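Written out below as structure tokens is the structure these notes cover.
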Amino acid sequence: MKQKMKSCCFLLFLEILILLSGCSSNDNNSANTLRIGVALYTQDDTFISSIVQNLEKLAQQNENQNLKINITIMDGKSNQTTQMEQIDQLIRRGCNFLCVNIVDRTAASVLIDKAKEADIPVIFFNRQPVAEDMERWEKAYYVGSKAEEGGKLQGQIVLDAWLNNKNIYDKNNDDTIQYVMLEGEPAHQDTLLRTEYSVKTLTDNDIKVEKLASDSANWSKSQAINKTTEWINQFNNNIEVVFANNDDMALGAIDAFTNAGLDIPLIVGVDAIPSAIDAIKNGTLCGTVKNDAYGMASTMLDLILKLYNDEKIDLNLQDEHYLWLQYEIITIKNA
Ligand code: GAL
Ligand code: CA
């Protein structure tokens, strides 16, 4: 009996040890296990989920007899304090690398200092820390797309569609675009710059624009449905263009017009999530700008593997910290 209790206790002890030892419980050969801790601003975001899915798939493909890749994902639930605690946990659990989709992009300095103290390279992605924070440590990196570029390409889609089909889109025939803007989270670089540069592309091309309304729907389809429904009630059928900072919100706008029984105006998004591609094919979405989820995942993993294997970083590293992905216009022509 005593013996049984003893072995029971020992097993329990072992289990706790294994749980504490790494990013997961099934890696006992720690010499060959690469541990990546991934901290997300929220798990409840279509585009972010697709980056993570790609990362997991690529990690699996890069495993071999000598290398196990172990990924631990933490959901920050849009709370920076929660995310900081998760970063502490990932560091305690012995992760070799941190991939951080930071909740509040102005809060990176503390996080970088933590990583630096533990000497764990930190790769931010999609939510860009301010430049001076990135300067704090040479092993702080950012993988993402240039927000203003996304805005410019979105503006280009609207410009082309408007010039080709003004007779359809200019409902009140005043040679001016009456638009509404569905914005992402306030202060996100993609919200600020996509909003600015999409419209600037039109005005730079001598297109007259009139903003009817602009507000945040926090990247969310359901919030975008509510916002757009409000605007439809407010402006009757006078909305000619809907700019959405991302596809989920663009799809929300399409639903709002459909629910109201109205024709769908010129709507554009960003991301190129699968449901947006479907909407382009069925003619409800005019276009989107591909935000390269696969590219972000593969670039992060490439960087990690180079650093892990002590290889030269022959990736296109800019200003010592930045790896940029390209955006791409998607319309009916190439969807
Ligand atoms: C943007 C993307 C949005 C949302 C956001 C989260 O780049 O277009 O859909 O995922 O990042 O940070
Ligand atoms: Ca008009």
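The values are calculated or read from the model by the stated rules, or taken from the named source; none is laboratory data. Just so we're clear, the structure is a prediction, and the values are computed from it rather than from any experiment. Note: ideal-geometry Cβ built from the backbone for every residue, glycine included; neighbour counts use all protein chains shown. Surface areas here come from the heavy atoms of the whole protein model, side chains and all, with no ligands, DNA or RNA. Shrake-Rupley method; radii C 1.70, N 1.55, O 1.52, S 1.80 Å.
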Go through the residues of segment 212-224 one by one and say whether even a single one is open to solvent by less than 10 Å² (accessible area, probe 1.4 Å) and under 17 Å from Ala253 (Cα atoms).
yes
Restricting segment 247-268 to residues that are open to solvent by 10 Å² or more (accessible area, probe 1.4 Å) and within 13 Å of ligand 1 (Cβ to nearest atom), which is nearest to Thr191 (Cα to Cα)?
Asp248
Looking at segment 316-332, which of the residues that are of a type in the set (S, T, N, Q) and not in a loop (DSSP other than H, G, I, E, B) is most open to solvent (accessible area, probe 1.4 Å)?
Gln318
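For the condition crowded, with 23+ Cβ neighbours inside 10 Å, farther than 27 Å from Thr33 by Cα and under 16 Å from the mean Cα position of the chain (by Cα), what is the one hit in Ala293, Ala276?
On the way: Ala293 fails: farther than 27 Å from Thr33 by Cα.
After ruling out the rest, the residue left standing is Ala276.
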What's the total number of residues in segment 155-204 that are within 21 Å of Lys290 (Cβ to Cβ), within 16 Å of ligand 1 (Cβ to nearest atom) and among the small types (Gly, Ala, Ser)?
3
Return only the number of the condition from (1) outside any helix (DSSP H, G or I); (2) open to solvent by 40 Å² or more (accessible area, probe 1.4 Å); (3) within 22 Å of Gly37 (Cα to Cα); (4) in contact with a Ser or Thr (Cβ under 9 Å, 6 or more places away or on another chain) that Ile313 does not satisfy.
(4)
Restricting to segment 252-279, what's the tally of residues that are under 19 Å from Gly151 (Cβ atoms) and of a type outside the set (Gly, Ala, Ser)?
6
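Every residue in segment 192-231 that is of a type in the set (Val, Ile, Thr) and within 16 Å of ligand 2 (Cβ to nearest atom), please.
Pass one, segment 192-231, residues of a type in the set (Val, Ile, Thr): 195, 199, 201, 203, 207, 209, 225, 228-229.
Residues satisfying the conditions are Val199, Thr203, Ile207, Val209.
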In this structure, does Glu132 turn out to be out of contact with any helix residue (DSSP H, G or I) (no Cβ under 7 Å at 6 or more places or on another chain), within 16 Å of ligand 1 (Cβ to nearest atom) and of a type in the set (D, E, K, R)?
no
Segment 113-133, residues that are at positive phi and among the aromatic types (Phe, Trp, Tyr)
none
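Within segment 91-108, count every residue that is buried (at least 16 other Cβ atoms within 10 Å of the Cβ) and under 26 Å from Asn218 (Cβ atoms).
Kept after step one, since they are buried (at least 16 other Cβ atoms within 10 Å of the Cβ), are these residues of segment 91-108: 91, 93-105, 107-108.
Remaining after also requiring under 26 Å from Asn218 (Cβ atoms): 98-105, 107-108.
Qualifying residue count, segment 91-108: 10.
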Only one of (1) crowded, with 16+ Cβ neighbours inside 10 Å; (2) away from ligand 1 (no atom under 16 Å from the Cβ) fails for Asp271. Which number is that?
(2)
Specify the residue that is farthest from Asp45 (Cα to Cα); the eligible residues are those in segment 235-263 that are aliphatic (A, V, I, L, M) and in contact with a strand residue (DSSP E or B) (Cβ under 7 Å, 6 or more places away or on another chain).
Ile239
Quick one: is Ser198 open to solvent by 40 Å² or more (accessible area, probe 1.4 Å) and either in contact with a helix residue (DSSP H, G or I) (Cβ under 8 Å, 6 or more places away or on another chain) or without any contact (Cβ under 8 Å) to a residue 60 or more places away in the chain (or both)?
no
